[in-house]
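Right, one structure below, let's go through it.
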Amino acid sequence: MIDLRLLREDPDRVRASQRARGEDVALVDALLSADERRRSSGVRFDELRAEQKALGKLIPKASGEEKAELLKKAGQLATDVKAADAERDAAAAETHELLLQLGNLVHPDVPVGGEEDFVTLETHGTIRDFAAEGFEPKDHLELGTLLGAIDVERGAKVSGSRFYFLTGVGALLELALVNAAMAQATAAGFTPMLTPALVRPQSMAGTGFLGQAAQDVYHLGNDDLYLVGTSEVPLAAYHMDEIFDADRLPLRYAGFSPCFRREAGSHGKDTRGIFRVHQFDKVEMFSYVAPEDSQAEHQRLLEWEKQWLTSLELPFRVIDVASADLGASASRKFDCEAWIPTQGKYRELTSTSDCTEFQSRRLSIRVREGKQVRPLATLNGTLCAVPRTIVAILENHQQADGSVRVPEVLRPYLGGREILEPVAK
């Protein structure tokens, strides 16, 4: 959530942020009104309580008609205090509820617009000219079938659409990717983490995934637990309700977890293969830093993502995601999109978001600097979303006979294997 003091001091900035997100600007005025009621009712309650306490000291000293009059006044005060207390609590609850609906403040450098209004910041690598090489590239599903690596038919039979099996070298390729990604993250100073896949409502809400993203979340009603769509959720909630000494920052974690997404609203999109699925594994970077360091940390996370994709020898571009496509928690987001030959376009492989103090305020995570205690900043960055990375590797490193060249960084994790060969039928 954002700082209420900032809202009161500069409401136009918050309105501009809501407008850039394509969200309801009227929410700002509703929140200002609720906050004013919260503060005024709090003052009213404090005044009545003070009067009540003062009166309580006079009653034992009074007698006769004076005492009867004071007791009558005390009874009325008790009623008024109770009403003021209820009014204060109701206003506070309304303020909190409205505040949770408000997205993070959009960074001023973010391009304004929808999904297609991003700005390309960098392009890396060379796109292969398959026509010049003399063959038509196969898509990842055809390649995965030839390699005995991907089985979507049995995935659908067992679990339904958008589920799959990774088999043989497909399973080994996932393990190689996860181990290589964790090795890079560990070398960069991240603490490896295996995180829970189920979290409580306060963890999911605290990271901002029960607002506009709620339709994509799986909920287990009998247990009131949520399946995570990213290990960002448990990594953010890991230090919920804690206070750090400033000298402990930055804290950096690399979480591995299964991820579950309904993919609501994506019907008809990427139905072939394993690019858009309901369950996948992912390695996620997560940082806790002082607020003034968040922009620099955001650039560092981006550099680690670029290092990873470069090591996989993939052509990719970096985009500055537009305001209406940020997600509630992000103030700014960079995506790295790899070239997918059979689609003839770049597709998102990794993403990194600066969430500033938005999540830490919701989760009550703070940093102590001398006598001052304040919220810290959180950031996240995908290092390896496994299925999409497999798609990019198979399509970009395929050879005319249906085999696939293994990027050098993965070879030590595949027993030195340099080529993935088609299996005999």
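No lab work stands behind these numbers, since they all come straight from the coordinates. Keep in mind that what you see is a predicted model, and the values were worked out from it rather than measured. Methodologically, a virtual Cβ is constructed for each residue, glycine included, from the backbone with ideal geometry; neighbour enumeration extends over all protein chains shown.
What the table shows:
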quantity: Within a Gaussian network of the chain (alpha carbon springs, distance under 10 Å), most fluctuating of ASP281, ASP241, ASP46; calculated: ASP46
quantity: Alpha-carbon centroid distance for the pair region 351-420 / region 174-251, whole angstrom; calculated: 13 Å
quantity: Fewest-first ranking of THR195, THR145, THR382, using other Cβ atoms within 10 Å as the exposure measure; calculated: THR145, THR195, THR382
quantity: With Cα atoms, 0 to 90° folded angle of helix 169-187 axis to the chain main axis; calculated: 50 degrees
quantity: Per residue Cα convex hull volume in Å³ - calculated over the chain; calculated: 167 Å³
quantity: Region 136-199, relative contact order [Cα under 8 Å, separation at least 6], %; calculated: 21 percent
quantity: Listed residues ALA338, ALA237, GLN307: farthest to the positive end of the dipole of region 223-344 (Cβ charges); calculated: ALA338
quantity: Region 219-334: C-alpha gyration tensor shape, a/c 1.5 cut-off, then a/b vs b/c; calculated: oblate
quantity: Cα convex hull of region 28-172, projected area averaged across orientations, nm²; calculated: 20.1 nm²
quantity: Neighbour-count ranking [beta-carbon atoms within 10 angstrom, fewest first] of LYS157, LYS138; calculated: LYS157, LYS138
quantity: Relative contact order for region 4-101, counting Cα pairs under 8 Å that sit 6 or more residues apart, in percent; calculated: 38 percent
quantity: Mean ellipticity per residue at 222 nm, deg cm²/dmol - from DSSP H runs of n ≥ 4 across the chain, formula -39500 (n - 2.57); calculated: -13000 deg cm²/dmol
quantity: Percent breakdown of C-alpha pair distances by 5 Å bin, ordered from the shortest bin, for region 4-101; calculated: 2, 13, 17, 15, 11, 9, 9, 7, 6, 5, 3, 2, 1, 0
quantity: In degrees, nearest ten, helix 26-58 long axis to first principal axis of the chain (Cα); calculated: 40 degrees
quantity: Among GLN184, GLN359, GLN52: highest mean-square fluctuation, GNM of the chain, C-alpha pairs under 10 Å; calculated: GLN52
quantity: Ordering of 173-181, 272-280, 79-87 by burial proxy (mean other Cβ atoms within 10 Å per residue, highest first); calculated: 173-181, 272-280, 79-87
quantity: Relative contact order (%) - criterion: Cα under 8 Å, at least six apart; region: the chain; calculated: 20 percent
quantity: Loop-resident sites, region 338-392, for trypsin sites (Lys or Arg not before Pro), counting at most 10 other Cβ within 10 Å (DSSP); calculated: LYS371
quantity: GNM top mover of SER331, SER159, SER403 - the chain, alpha-carbon springs below 10 Å; calculated: SER159
quantity: Region 27-70-region 85-114 distance, computed between alpha-carbon centres (Å); calculated: 29 Å
quantity: Volume of the Cα convex hull of region 152-216, divided per residue and given in Å³; calculated: 140 Å³
quantity: Equivalent ellipsoid, region 300-425 (semi-axes from 5 times Cα gyration tensor eigenvalues, Å); calculated: 38, 17, 11
quantity: Estimated dipole of the chain in Debye, rounded to 20 [Cβ of Lys and Arg +1, of Asp and Glu -1, Cα centre]; calculated: 1080 debye
quantity: Which of VAL404, ALA324, SER40, positive extreme of dipole for the chain (C-beta unit charges); calculated: SER40
